[in-house]
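Engineer: Take this structure, written in structure tokens, and hold onto it; I'll ask about it next.
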Amino acid sequence: MTKQQANWSPYDNNGGSCVAIAGADYCVVAADTRMSTGYNILTRDYSKLCKLADKCVMASSGFQADVKALQKHLAARHLIYQHQHNKQMSCPAMAQLLSNTLYYKRFFPYYSFNVLGGLDNEGKGCVFTYDAVGSYEKVGYSSLGSGSTLIMPFLDNQLKSPSPLLLPAQDAVTPLVEAEAVDLVKTVFASASERDIYTGDKLEIVVINADGIHREYMDLRKD
Amino acid sequence: MFRNQYDTDVTTWSPAGRLFQVEYAMEAVKQGSAAIGLRSKTHVVLGCVNKANSELSSHQKKIFKVDDHIGVAIAGLTADGRVLSRYMRNECINYSFTYESPLPVGRLVVQLADKAQNSVLYENELTFKAVVLETLIDQVCTQRSWKRPYGVGLLVAGLDESGAHLYYNCPSGNYFEYQAFAIGSRSQAAKTYLERRFENFKDSSRDDLVKDALMAIRETLQGETFKSSICTVAVVGVGEPFHVLDQNTVQQMIDAFDIVGEQEDPAAEPDTDAGQDAAVEPGAAADQGGSTDEGVAPMDI
Amino acid sequence: MNFMDSKQPESGLLGPESDSQRTLYPYVTGTSVVALKYKDGILMAADMGGSYGSTLRYKSVERMKPIGKHSLLGASGEISDFQEILRFLDELILYDNMWDDGNSLGPKEVHNYLTRVMYNRRNKFNPLWNSLVLGGVKNGQKYLGTVSMIGVNFEDNHVATGFGNHLARPILRQEWHENLSFEDGVKLLEKCMRVLLYRDRSAVNKLQIAKITEEGMTISQPYSLKTHWELSAFQNPTQGAVGSW
């Protein structure tokens, strides 16, 4: 019998785009809800956002099975943390844990591209952006995933983050107020879904601020 | 010190059919400060008495959250209690990792009881189960826990699809489901209180249940004034994940229900338990337990 | 550790076929499974063909099976792997029943378990070569989900595996709604299966439809769909297509 499959791969790319923007007293994390494989849409309503702690939300795109495993692993680790310390993990702590967790699988990586958004210990917005093997950086805003090539330059143009080479280091949070940031996120996703076939269907936006976590949705192109 | 020649290890039977090491472990439960539990159809309340080891020290934590739907109160060796509650937490996390649903309480209780059994049965054999256990138990522990019974009794409170549950796990590996129960020193007084009232518990409101818990805790006190600082109360129920009530809430309830301390001993019956503190010489306590029910294998508890 | 052992050539680096115990490609495969939620529960359809490459080797393969009281499992892909999955699900349900405590694994739990199993096997580079569909009802809650051979999993109102993803789901997206009656549900599934029969070469005209509700589940006797091959497009499909044979 001839081989039917060219070569089995343990990976797939299920697409999707993620964005996070930090402000002085809030953080916006957003992702579309389309899940694809090749030219197929598997489902139009799959959340890529995961609440990891009270003030910490992760948006992930890439290979769904790896993303799910990563989310479950972090959820379990967070439970253990709560049992041991009697409190929620802070966003910077979760950021380091995520990095370690990703690097732990350096030689059989989680094929997942994550942005972590939340509030730091002072209540200021923070965004951490990662590659698949765990190197990460604290930034003011970030975009990852299939539409990031369309979104990121737009955010750069609009938000003009201070150069990380400046001394003394400049604060990375964006100057926008919350409503402006949410509008910006809606715009970049509407734009990305025009050209990126892996981004679309619905946009899920989570805003984290002193009041807690607030969630909203916006329809995107379905084609 | 030595009572007889049959109590040096867990695998030796006495001619009367008793395992003394197991009975000593059960005695350890009676020495610990009291813990009580009671349940309605929808809620379970756990309570315990906080006793400091010395004037200079704080008390030890006796109520542990295991998961959102399960919690335990312990009496006896607190260190063993912590090992077991860590095991229970792990089991819950593993279960919800594979099934994304909460571990049924009854099943966790059976696993816990099996663990107590393993510590009794497999003293020297390196059976498959013992090998598995070895990997489960934290190796940093100073104890080799399968070489002696756990000296702790656990009241396990939980909620699952079959309703609210309260179990008692004994060092012997036995476990029982209860409507209400009390363990630890002077628990007999609380038991008497609960026995008098348990028929109403089924339809009790959450707050009434907490009130009864406070009353039962008060019964176990000896002379002390009843205030929130000497007790801990925890609740789990429908729509209410397991949590320990904070001290102010407890104090408010004590004040509201007007159950302030009575200075005299409220329990009429003589307390057969060994006494309230670990200050009592262990040998003496064992002696007392042995002489009252000589020749009877007390495996019903 | 025996020294002789370490002299044995380790597999993996030498070549995939040397002494491999892994599924590198499937042998006997089943094609699409289509399933949807309807008013009272879940409906699922699958044909009974088992293909040996492009040869239609088996014609009475049951590809939908009950799992415990509340769940129904359908599979496409390697038939032997599916039957292996059934064996350990049997064991899982048996142990669950042995507790005899009023708790039982529902469709959500079984689906999650299967997701872990599929993903763990892909982590070992030893996949179970299937796409699975799991449907069920428990405590009035309908559940429909799917898992692929590398562990990709999701829930939806309707799902399909293999060719069904290309041919059946567009139909389902157009015609599915929350309050489908049993009759309409079956009609919709038959429409999907008919399209698949026409266009998927490994589909056969012998299928079963399974239903699961709060009351229980039934898997229909095998039956065939009425087909109409006399359409002119089928008569001479390449007419007018220059360069085709």
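Engineer: Within segment A:182-223, what residues put their amide N at less than 16 Å from the label point 7 Å along the Cα-to-Cβ vector of A:THR149?
Structural biologist: Only A:192-199 fall inside the zone, counting backbone N under 16 Å.
Engineer: Please report the projected area of segment C:173-245's Cα convex hull averaged over all directions, in nm². Each step should come with its number before you reach the end.
Structural biologist: Values: hull surface 28.9 nm².
Taking the Cα atoms of segment C:173-245, their convex hull projects to 7.2 nm² on average.
Engineer: Something else: Inside 10 Å of the C-beta atoms of B:97-103, what's the mean count of C-beta atoms belonging to other chains?
Structural biologist: Averaged over the peptide's residues, the number is 6.
Engineer: With runs of 4+ DSSP H residues as the only contributors, calculate the mean residue ellipticity of the protein assembly as shown at 222 nm using -39,500 (n - 2.57) per run, divided by the residue total and rounded to the nearest 500.
Structural biologist: Rounded to the nearest 500, it is -11000 deg cm²/dmol.
Engineer: Based on the Kirkwood radius over alpha-carbon pairs, what value in µm²/s does the Stokes-Einstein equation return for the translational diffusion coefficient of chain C at 10 °C and 1.306 mPa s?
Structural biologist: Answer from the Stokes-Einstein relation: 81 µm²/s.
Engineer: Please state the equivalent ellipsoid semi-axes for the protein assembly as shown: what are the square roots of 5 times the Cα gyration tensor eigenvalues, largest first, in whole Å?
Structural biologist: 55, 34, 26
Engineer: Cut-off 15 Å, label point 7 angstrom out along Cα-to-Cβ of A:ASN40: give me the residues of segment C:120-137 whose amide nitrogen falls inside.
Structural biologist: Within reach of a label on A:ASN40: C:129-134.
Engineer: Calculate the mean, over all residues of peptide C:145-154, of how many other protein chain Cβ atoms lie within 10 angstrom of the residue's Cβ. Write down the numbers at each step before the final one.
Structural biologist: Numbers: counts 0, 2, 1, 5, 3, 9, 8, 11, 5, 8.
Counting Cβ atoms of other protein chains within 10 Å of each residue's Cβ and averaging gives 5.
Engineer: Additional query: Grab the eigenvalues of the alpha-carbon gyration tensor for segment A:84-216, scale each by 5, take roots, and send me the semi-axes largest first in whole angstrom.
Structural biologist: The equivalent ellipsoid of segment A:84-216 has semi-axes of 23, 20, 17 Å.
Engineer: Right, here's the next one. Viscosity 1.002 mPa s, temperature 20 °C: what is the translational diffusion coefficient of segment B:162-211 from Stokes-Einstein with a Kirkwood Rh over Cα pairs, rounded to a whole number of µm²/s?
Structural biologist: 175 µm²/s
Engineer: If eta is 1.002 mPa s and T is 20 °C, what Stokes-Einstein diffusion coefficient results for segment C:52-100, Kirkwood Rh from Cα pairs, in µm²/s?
Structural biologist: This corresponds to a translational diffusion coefficient of 174 µm²/s.
Engineer: Can you compute the charge dipole magnitude of segment A:17-219 about its Cα centre, using +1 on each Lys and Arg Cβ and -1 on each Asp and Glu Cβ, nothing else charged? Give it in debye, rounded to the nearest 20.
Structural biologist: The calculated dipole for segment A:17-219 is roughly 760 debye.
Engineer: Given the pairs A:LYS72/B:LYS62; A:LYS87/B:LYS65; B:LYS30/B:LYS211; C:LYS37/C:LYS108; A:LYS55/B:LYS61; C:LYS39/C:LYS138, which span a C-alpha to C-alpha distance of over 20 angstrom in this model? Present the calculation step by step, with values, prior to reporting the outcome.
Structural biologist: Numbers: A:LYS72/B:LYS62 30 Å; A:LYS87/B:LYS65 13 Å; B:LYS30/B:LYS211 24 Å; C:LYS37/C:LYS108 14 Å; A:LYS55/B:LYS61 28 Å; C:LYS39/C:LYS138 14 Å.
Going by Cα-Cα distance, A:LYS72/B:LYS62; B:LYS30/B:LYS211; A:LYS55/B:LYS61 fall outside the 20 Å limit.
Engineer: Quick one: if the Förster radius is 60 Å, what FRET efficiency do A:ALA179 and C:LEU24 give, using the C-beta to C-beta distance and rounding to 0.05? All intermediate terms of the calculation are to be shown ahead of the outcome.
Structural biologist: Details: r = 55 Å, r/R0 = 0.91.
Between A:ALA179 and C:LEU24 the formula returns 0.65.
Engineer: Size of the dipole of the protein assembly as shown about the Cα centre, Lys and Arg at +1 and Asp and Glu at -1 on the beta carbon, nothing else charged, in debye to 20? Present the calculation step by step, with values, prior to reporting the outcome.
Structural biologist: Values: 75 positive and 92 negative charges, 606 e Å.
With only Lys, Arg, Asp and Glu charged at Cβ, the dipole is about 2920 debye.
Engineer: May I pose another question? Around A:SER36, under 11 Å between beta carbons, what's the net of Lys plus Arg minus Asp minus Glu among the other residues?
Structural biologist: Result for the neighbourhood of A:SER36: -2.
Engineer: When the chain is fully extended, how far beyond the present Cα-Cα distance does B:HIS243 get from B:ASP9, taking 0.36 nm per residue of separation? Before the final figure, lay out the partial values.
Structural biologist: Working: separation 234, 0.36 × 234 = 84.24 nm, distance 3.88 nm.
80.4 nm is the gain from fully extending B:HIS243 to B:ASP9.
Engineer: Report, as an integer, the average count of C-beta atoms from other chains found within 10 Å of each Cβ along A:58-70.
Structural biologist: That works out to 3 on average.
Engineer: Another one. Take the alpha carbon atoms of segment A:120-196, find their center, do the same for segment C:172-245, and report the distance between the two centers in whole angstrom.
Structural biologist: 48 Å
Engineer: Here is a further query. Once the other residues with Cβ under 12 Å from the Cβ of C:ASN123 are scored (Lys, Arg +1; Asp, Glu -1), what is the net sum?
Structural biologist: After counting each charged neighbour, the total is +4.
Engineer: For B:SER228, C:SER104, A:SER9, which order do you get if you count the other beta carbons within 10 Å of each Cβ and list the fewest first? Mind dumping the intermediate values first?
Structural biologist: On the way: B:SER228 20, C:SER104 17, A:SER9 9.
By the 10 Å Cβ count, ascending, the order reads A:SER9, C:SER104, B:SER228.
Engineer: Can you give me the orientation-averaged projected area of the convex hull built on the Cα atoms of chain A, in nm²?
Structural biologist: The directionally averaged projection comes out at 14.2 nm².
Values quoted throughout were computed directly from the atomic coordinates according to the rules given, and no laboratory measurement underlies them. Predicted, not measured: the structure shown is a model, and the values here were computed from it. Neighbour counts run over all protein chains shown; Cβ positions are idealised from the backbone, glycine included.
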